[in-house]
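> My questions all concern the structure below.
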Amino acid sequence: RRENGEYPWWPFMADLVLDMTAKYVYNLIILNAHAKLFDPTARAERRLEELRSLIDVVWDSSSDALVVSSREPFRDTAVERDNTTGYLVRTMVSPTTASLITSRSNNA
């Protein structure tokens, strides 16, 4: 306290500046973490990875024969001059199928 009875203003201002700076930095940290957690692309990739691991477990542990086929556009370079687009068909067979074929041939 000063001689004239007034309080100095600088401690209040210093506290105000430090408080505002700390809140600003804290807000930046929270917004950065929120953007990383809820980024639509990263979130979709995480969900696809979870789905991929679940499908792998089902694929490897299934006792049934599973066959999955997919069709995708395929441009043949040999017929590119004709601008012909065909389809590439990919087929995958579960590991159980091999054991079913083996056990069937052993029983015959």
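> Within the stretch 13-71, track down each residue that is among the polar types (S, T, N, Q) and assigned to a helix (DSSP H, G or I). Explain how you work it out, then say what you get.
We begin by selecting, within the stretch 13-71, every residue among the polar types (S, T, N, Q); these are 21, 27, 32, 41, 53, 61-63, 69-70.
Within the stretch 13-71, 21, 27, 32, 41, 53, 61 qualify.
> Would you please list the contacts, defined by Cβ atoms under 6 Å and residues six or more apart or on different chains, that run from a residue in the stretch 64-75 that is without any contact (Cβ under 8 Å) to a residue 40 or more places away in the chain and under 16 Å from residue 87 (Cβ atoms) to a residue that is open to solvent by 100 Å² or more (accessible area, probe 1.4 Å) and hydroxyl-bearing (Ser, Thr, Tyr)?
Final answer for the pair search is 71/87; 74/87.
> Quick test of your reading of the structure: residue 27 fulfils all but one of (1) open to solvent by less than 80 Å² (accessible area, probe 1.4 Å); (2) modelled with pLDDT under 90. Name the failing condition by number.
Going through the list (1) open to solvent by less than 80 Å² (accessible area, probe 1.4 Å); (2) modelled with pLDDT under 90, residue 27 breaks only (2).
> When you go through (1) of a type in the set (A, V, I, L, M); (2) part of a helix (DSSP H, G or I); (3) modelled with pLDDT under 85; (4) within 29 Å of the chain's Cα centre (by Cα) one by one for residue 88, which number turns out not to apply?
Among (1) of a type in the set (A, V, I, L, M); (2) part of a helix (DSSP H, G or I); (3) modelled with pLDDT under 85; (4) within 29 Å of the chain's Cα centre (by Cα), residue 88 violates only (2).
The values are calculated or read from the model by the stated rules, or taken from the named source; none is laboratory data. In this text the structure is predicted, and so the values were computed from the model without any measurement. When we count neighbours, we look across all protein chains shown, and the Cβ atoms used for this are built from the backbone with ideal geometry, even at glycine. Protein only, heavy atoms only, side chains kept; ligands, DNA and RNA dropped before computing areas. Shrake-Rupley method; radii C 1.70, N 1.55, O 1.52, S 1.80 Å.
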